[in-house]
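Undergrad: Let me begin by handing over the structure; questions about it come next.
Values in this text are rule-based calculations from the coordinates and carry no lab data. Quick caveat: nothing in here was measured; it's all calculated off a predicted structure. Every residue, glycine as well, gets a Cβ built from its backbone with ideal geometry; the counts of neighbours run over all protein chains shown.
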Amino acid sequence: MQFWITQAFNGISYAALLFLVGGGLTLIFGVMKIVNIAHGSFYLLGGYLGVALFARTGSFYLALAAAAVAVALAGMLVERVFLRAVEGDDLRQMLLTMGIALFVQDLCLLVWGGDPFNLRGPVYFGWSVKVGGLSFPVLRLFMIGAAALLFVVLWWFQERTRAGAMVRAAVDNAEMTEALGVNVPLLRMGVFGLGALLAAFGGVVGSAFMGIYPGVDFEILPYAFVVVIVGGMGSLTGALVAAVLLGLADNFGKALFPEISYFTLFAPMGIVLALRPSGLFGRS
Amino acid sequence: MTAPAGRRVRAVLVLAGGVALVLLAVLPPSLPTYVVIVLTECLIYAVAAGSLDLLIGYTGLASLGHAAFFTVGAYTTALLATRSGASFGTALGASVLLAAAASAAVGLLALRASGIYFMMITLSVAMCAWGLAYRWVSLTGGDTGIVGIPRPRLGLGWLAGEGLEFYYATLALFAGCLVLLLLLVASPFGRTLVGIRDSESRMRVLGFNVWLHKYLALVIAGAFAGLAGSLYAYYNGFVGPNAVDLAHSMQFVLMVIVGGPGTLVGPLLGAFMITVLEKAVSVFTERWVMVLAAVYVVTALWAPRGLLGLLRPVRR
């Protein structure tokens, strides 16, 4: 019993990280319909910046906010300067984001070298909460809380605000939304920035959770993709459900069948695609 | 195609291709060993890129997971050659069959979707292949990979000396693949694929089984990728997860686009260009990845129809 509770808790805390990365990606997918290979790079950049800023300032929350905002601005710049030039062509967008991903990867390697970094964070991240015979690390609780909070904020934004309604309209029909007088290019830039912000947030949290190192950008990317595929493009609720499914599958996979654990990514995706090609919460 | 100009370009291309093949056959004995090694690698990647063009350029299926089938071929050959001492022919055949089978299995799933969904699914599949290679240590050796794959003994030493034996075997297989692919795209099957690329709904109304055509294209391309992977294992003597990571998976796509999708010859050129560029740049700087990043961005922004696309007049 203890095994199952501990593993489920670990799975859900990993799901929190997956939601941050995948949730940002699903927003970008929904509005822009692009395969954004640079999404993992936002995570990578956020993580390294977070580590560097924490070393300078000593404040985890300041480092978290500053890294996320900086990466969001970088993302908006990428959208404005590069992606807008190749709008509407899947392959060109994909190649472009791949180029950007490689650039960021090599830049980070140049600046921070090949050694992994761990962000220690505030002292209480090292503590655990004991309940019964079980212990729950504060860091993992923080991850779950942060992801839950962000989900609520994003959900409120998307469902209850005017800007959120514009985003939903652009997901369904960008042309028609534009014809109604909404500045869709500006909306796209904003959403791309928001997606980058979430990924960078995930990167900072992730660097405290499992470290930041060269190659983690491409390691996290397929998880983000599968969150989007399983949850359905543009659906935050879908991303949340998919992240939980995936986090649990990944954790139990690693605990029970370590050798083929990466394959546990494949199973939920295969099942969902076979039954509902547009994802659990996607609209076809 | 606007007839005279297009036909002239085509004639020039066929001529250039013929000359290039003859040079590839005649020159190597007088070339430095290192150049022959690079040429071997070019030929192997050309097979992979050419078969990917069947999907991207001819069928309109932007598969980002071609490296997965390359991987299957590479590991199959690596395992058979090191653990059971299989002959060249056996390993090659098994690699092609297993890659085709893997492609058939993935195709069932990936063809449930289209467009950017298809791209995302195939990319995830490629990453799964990487993950298996990385973590399934008892089979694949994990990060260490499989080392000490012996070069096949082909009994062709009389032809050009031991050093060139594998090069010529690769060249022969490359030429065979090229002929097969050219026949395929010119066949009614190939023309149907182009029809599907241009308008899926039209082909469906005309009574073609669109799904089956796409599926077969995927399986065939997967088989060729398996062959390339098998040759790569022999060529490199070592197979590890690095050879099949995301960057390599995307590199096949880049080769196709840089050369010119839908031209078959273009992607072969693309494979040569990217491979040679990597070797050349690596002499001068450690920042090859930066250069590669620039190649991606420049291609996406200014040459989306590739090198041959620049030569051809715009159709339609």
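Undergrad: Order the peptides A:88-96, B:72-80 from the highest to the lowest mean number of other Cβ atoms within 10 Å of their residues.
TA: Details: A:88-96: 20.2, B:72-80: 28.0.
Ranked from most to least packed, the peptides come out as B:72-80, A:88-96.
Undergrad: Report, in debye and to the nearest 20, how large the dipole of chain B comes out about its Cα centre when Lys and Arg carry +1 and Asp and Glu carry -1 on their Cβ.
TA: Numbers: 19 positive and 10 negative charges, 209 e Å.
Roughly 1000 debye, rounded to the nearest 20.
Undergrad: At what distance in angstrom do the alpha carbon centres of region B:1-73 and region A:177-205 lie from each other?
TA: Value for the Cα centre distance between the two parts: 40 Å.
Undergrad: Oh, and also: Shielding of A:266-274 by partners, i.e. mean partner chain Cβ atoms within 10 Å per residue? Intermediate values should be presented prior to the final figure.
TA: Working: counts 9, 1, 0, 6, 8, 1, 1, 8, 3.
Other-chain Cβ atoms within 10 Å of each residue's Cβ, averaged: 4.
Undergrad: With a Förster radius of 25 Å, plug the Cβ-Cβ distance of residue A:153 and residue A:283 into 1/(1 + (r/R0)^6) and report the FRET value to the nearest 0.05. Write out the running numbers ahead of the final one.
TA: Values: r = 23 Å, r/R0 = 0.92.
Taking R0 as 25 Å, the efficiency between residue A:153 and residue A:283 is 0.60.
Undergrad: Round to the nearest 0.05 the FRET efficiency obtained for residue A:256 and residue A:118 when R0 = 35 Å and r is the Cβ-Cβ distance.
TA: Numbers: r = 27 Å, r/R0 = 0.77.
Using R0 = 35 Å, I get an efficiency of 0.85.
Undergrad: Each label point is 7 Å from the Cα along the Cα-to-Cβ direction; what then is the distance between the points at residue B:14 and residue A:175, in nm?
TA: Once both label points are built, they end up 4.1 nm from each other.
Undergrad: Could you point to the residue in A:148, A:98, A:111 farthest towards the positive end of region A:50-184's charge dipole, with +1 and -1 charges on the Cβ of Lys/Arg and Asp/Glu respectively?
TA: A:148
Undergrad: Could you give the length gained by full extension between residue B:105 and residue B:310, i.e. 0.36 nm per residue of separation minus their alpha carbon distance, to one decimal place?
TA: Working: separation 205, 0.36 × 205 = 73.80 nm, distance 3.68 nm.
Roughly 70.1 nm would be gained on extension.
Undergrad: With the contact rule set at Cα under 8 Å and sequence spacing of 6 or more, what percent relative contact order holds for region B:164-312?
TA: Numbers: 85 pairs, mean separation 26.3, N = 149.
Averaging sequence separation for qualifying contacts and normalising by length gives 18 percent for region B:164-312.
Undergrad: May I pose another question? Take the Cα of residue A:161, step 7 Å along the line toward its Cβ, and report every residue of region A:213-234 whose backbone nitrogen sits under 19 Å from that point.
TA: Residues A:234 qualify, since their backbone N sits under 19 Å from the label point.
Undergrad: Would you work out which of B:291, B:255, B:129 lies farthest towards the positive end of the dipole of chain B, given +1 charges on the beta-carbon of Lys and Arg and -1 on that of Asp and Glu, about the Cα centre?
TA: Toward the positive end, the furthest listed residue is B:255.
Undergrad: Going 7 Å from the Cα of residue B:279 toward and past its Cβ, which residues in region B:226-264 have a backbone nitrogen under 17 Å from where you end up?
TA: Once the point is set 7 Å along Cα→Cβ of residue B:279, B:232-237 turn out to lie under 17 Å by backbone N, inside region B:226-264.
Undergrad: So, one more: Mind checking B:108-115 for the average number of partner chain beta-carbons within 10 Å of each residue's beta-carbon?
TA: On the way: counts 3, 7, 1, 2, 8, 5, 1, 3.
Partner-chain Cβ atoms within 10 Å, mean over residues of B:108-115: 4.
Undergrad: Also: How would B:167, B:215, B:34, B:45 line up from fewest to most surrounding beta-carbon atoms within 10 angstrom?
TA: Values: B:167 21, B:215 17, B:34 9, B:45 25.
If I rank by nearby Cβ atoms, fewest first, I get B:34, B:215, B:167, B:45.
Undergrad: Right, here's the next one. If a paramagnetic tag sat 7 Å from the Cα of residue B:37 along the Cα-Cβ line, which residues of region B:168-194 would have the backbone N under 18 Å from that point?
TA: B:168-171
Undergrad: Sticking with this one: With the Cα gyration tensor of region A:235-284 giving a ≥ b ≥ c as the square roots of its eigenvalues, does the rule (a/c under 1.5 for rounded; else a/b larger than b/c for prolate; else oblate) give rounded, prolate or oblate? Could the numbers behind the result be given before it?
TA: Working: a/c = 4.20, a/b = 1.83, b/c = 2.29.
Verdict is oblate for region A:235-284.
Undergrad: Using the Cα centre of region A:164-284 as origin and beta-carbon charges of +1 (Lys, Arg) and -1 (Asp, Glu), tell me which of A:244, A:258, A:281 is placed farthest towards the positive end of the dipole.
TA: Selected residue: A:281.
Undergrad: When Cβ neighbours within 10 Å are restricted to other protein chains, what is their mean count per residue of peptide A:78-91?
TA: Working: counts 0, 0, 0, 0, 3, 1, 0, 3, 4, 0, 0, 2, 5, 12.
Per residue, the average neighbour count from other chains is 2.
Undergrad: So which DSSP H runs in chain A come out at 30 Å plus along the axis (Cα) with average Kyte-Doolittle of at least 1.0? Display every interim value, and only then the final one.
TA: Working: long enough: A:2-32 (44 Å, 1.37); A:60-81 (31 Å, 1.88); A:90-112 (32 Å, 1.30); A:138-160 (32 Å, 1.46); A:184-209 (37 Å, 1.69).
Helix filter hits for chain A: A:2-32, A:60-81, A:90-112, A:138-160, A:184-209.
Undergrad: Sticking with this structure for a sec: Contour minus end-to-end for residue B:30 and residue B:90, with contour as 0.36 nm per residue of separation and end-to-end as the Cα-Cα distance? Can you show the working numbers first?
TA: Values: separation 60, 0.36 × 60 = 21.60 nm, distance 3.16 nm.
Working it through step by step, the gained length comes to 18.4 nm.
Undergrad: Which of rounded, prolate or oblate describes region B:33-189 when judged by the alpha-carbon gyration tensor and an a/c cut-off of 1.5?
TA: Working: a/c = 2.16, a/b = 1.28, b/c = 1.69.
Verdict is oblate for region B:33-189.
Undergrad: Moving to a separate point now. For chain B, calculate the relative contact order in percent as a whole number, restricting contacts to Cα pairs under 8 Å that are 6 or more residues apart. Mind showing how you got there, number by number?
TA: Working: 474 pairs, mean separation 106.3, N = 316.
Relative contact order comes out at 34 percent.
Undergrad: Kirkwood Rh over Cα pairs of region A:55-182 into Stokes-Einstein at 20 °C, 1.002 mPa s: D in µm²/s?
TA: Rounded, D is 113 µm²/s.
Undergrad: Helix-only estimate, please: 222 nm mean residue ellipticity of the protein assembly as shown, summing -39500 (n - 2.57) across DSSP H runs of length 4 or more and dividing by its residues, to the nearest 500. Intermediate results must be reported in sequence, preceding the final value.
TA: On the way: 26 runs with 447 residues, N = 600.
Here the helix-only value at 222 nm equals -25000 deg cm²/dmol.
Undergrad: Fewest to most neighbouring Cβ within 10 Å: what's the order for B:214, A:130?
TA: Working: B:214 23, A:130 9.
The fewest-first ordering by Cβ neighbours comes to A:130, B:214.
Undergrad: Another one. Could you work out the relative contact order of region B:12-107? I mean the mean sequence separation of Cα pairs under 8 Å and 6+ apart, divided by the number of residues, in percent.
TA: On the way: 37 pairs, mean separation 18.3, N = 96.
Averaging sequence separation for qualifying contacts and normalising by length gives 19 percent for region B:12-107.
Undergrad: Could you tell me the calculated FRET efficiency between residue A:85 and residue B:172, based on Cβ-Cβ distance and R0 = 30 angstrom, to the nearest 0.05? Display every interim value, and only then the final one.
TA: On the way: r = 44 Å, r/R0 = 1.45.
Taking R0 as 30 Å, the efficiency between residue A:85 and residue B:172 is 0.10.
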